[in-house]
Amino acid sequence: MRVLVTGGTGIIGSLSGRKLADRGHRVRLLDLAPDPVAVARNGGGDGVEVVAGDVLSFGDVGAAARDVDVVVHLAYSLGEATNRRPYAATQLNVQGTATVLEAARLFGVHRVVLASSIAVYGSDGAYAPAELPLTEDAATRLAPGMPLYGAGKLYLEQLARVYRTTHGLLGVGIRPSPVYGPGGVRGVSGWLSRVIEGAATGRTVTVDRGDARISLVHVEDVAEQLVRLVELDATAFTDRHFFNTGGDATTVRELAALVREIVPEARLEVTSDGQPDVAGLATRVSGRALADLVGYQRRYDLESGLRAHIAAARATA
Ligand SMILES: NC(=O)c1ccc[n+]([C@@H]2O[C@H](COP(=O)([O-])OP(=O)(O)OC[C@H]3O[C@@H](n4cnc5c(N)ncnc54)[C@H](O)[C@@H]3O)[C@@H](O)[C@H]2O)c1
């Protein structure tokens, strides 16, 4: 298949592109600011074309999408940063997604695979204990610390639904928990990278939000889940189209302790402002529906994922 990935040189896009190319697909990564380091980190450009372009430009998206079968749409303004730049974030997150779906419709793309987020839910406390871990049937209440980010994801899911019902364009996607692994620069992924990679490479790191709980998923697992949604037979999708990735819940303090176990010489200082979670994100989320749909159980638990991330950081350093 020919696959276009928007936001293609971010942490998730660059690895998904690599995995798709390794499975014989022809891959084009579209990014506003293509990052050659991200492409190199994932094995170089073999089978992967990188193009500079803006998902807000119909010309850029149309030129990149005109000959592809599937679009993986990842370009988006991340996490709490959206609170500081509401106008620009609304443009990118809402208009950008509409531009990608409209271009896909006009150019006869068969499927768009989109990244939604766990931020469509509220914090764990917004649900009755019996509703936890949250399945896709849970009400979407929006993470209170990133309301525009989460609302944009809900709008993205609704756009995908309307393009499916109105135009017959198949739109499916994932609701990832916070992602960690090599290449995290922005949002919660960037924060996690600074902590994990800093500790692994001998820097002194102060971790705030020590008592906050968070659910984490390794980027390898998210990329694998996306690839499988690209490849899955269209008839496998019935009533549901957006799926939790699932993740491993921990407190930030426990995470730091695990890093210290793996890197005994790590200089990690943990502080706490008493927040129970990170930006109001849910932490108890079930990934079972997606695992059953695509036939893939997440490979990494927190310890093996941290070990892999730390080894990668040390190899790069
Ligand atoms: N990382 C996480 O923890 C996480 C969790 C849940 C959902 N997601 C979603 O997954 C997707 C990918 O996230 P990521 O972590 O890889 O982000 P990232 O920031 O690493 O990558 C996003 C990429 O989009 C590019 N981009 C920004 N504006 C653009 C534009 N106008 N046109 C084209 N490209 C543009 C950036 O240059 C960047 O390379 C996003 O939709 C994000 O909301 C991420």
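What follows is calculated from the coordinates using simple rules that are stated; it is not laboratory data. In this text, all values refer to a predicted model and were calculated from it rather than measured experimentally. Because the Cβ atoms are built from the backbone with ideal geometry, glycine has one as well, and the counts that use them run over all protein chains shown.
Data for the structure
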quantity: Net charge contributed by nearby residues that have their C-beta within less than 13 Å of A119 (K/R +1, D/E -1); calculated: 0
quantity: Environment charge at R194 (Cβ cut-off 12 Å; Lys +1, Arg +1, Asp -1, Glu -1); calculated: 0
quantity: Fraction of beta bridges assigned by DSSP in the chain that are antiparallel (%, nearest 5); calculated: 10 percent
quantity: Footprinting exposure proxy for R175, R66, R228 (fewest neighbouring C-beta atoms within 10 Å first); calculated: R66, R228, R175
quantity: Average silhouette area of segment 1-86, convex hull of alpha-carbon atoms, in square nanometres; calculated: 5.6 nm²
quantity: For segment 29-153, size of Cβ-based charge dipole, Lys and Arg +1, Asp and Glu -1, in debye; calculated: 300 debye
quantity: Segment 1-34-segment 167-238 distance, computed between alpha-carbon centres (Å); calculated: 16 Å
quantity: Compactness index (Cα Rg / 2.2 N^0.38 Å), segment 173-303; calculated: 1.14
quantity: Rounded Å value of the spacing that divides the Cα centres of segment 104-133 and segment 267-317; calculated: 18 Å
quantity: Rg/Rh ratio calculated on Cα atoms of the chain (Kirkwood radius); calculated: 0.95
quantity: Potential extension, A128-D233 segment - 0.36 nm per residue separation minus Cα distance; calculated: 34.2 nm
quantity: Fraction of the pair-distance distribution of segment 128-198 above 20 Å, Cα-Cα pairs, percent; calculated: 51 percent
quantity: DSSP-defined beta bridges in segment 164-269 - what % are antiparallel, rounded to 5; calculated: 35 percent
quantity: Cα pair distances of segment 107-248 binned at 10 Å [whole percent]; calculated: 10, 36, 33, 16, 4, 0
quantity: Largest-first ellipsoid semi-axes for segment 268-317, taking √(5λ) over the Cα gyration tensor eigenvalues, angstrom; calculated: 26, 23, 7
quantity: Centre separation in Å (Cα based) which lies between segment 37-90 and segment 141-159; calculated: 19 Å
quantity: Additional length obtainable on full extension of the chain from A81 to E269, 0.36 nm per residue less Cα span; calculated: 65.2 nm
quantity: Distance (nanometres) between label positions extended 7 Å along Cα→Cβ at A52 and A98; calculated: 2.8 nm
quantity: Rg to Rh quotient for segment 53-111, alpha carbon positions, Kirkwood Rh; calculated: 1.03
quantity: T316/D211 FRET efficiency (R0 41 Å; Cβ-Cβ; nearest 0.05); calculated: 0.85
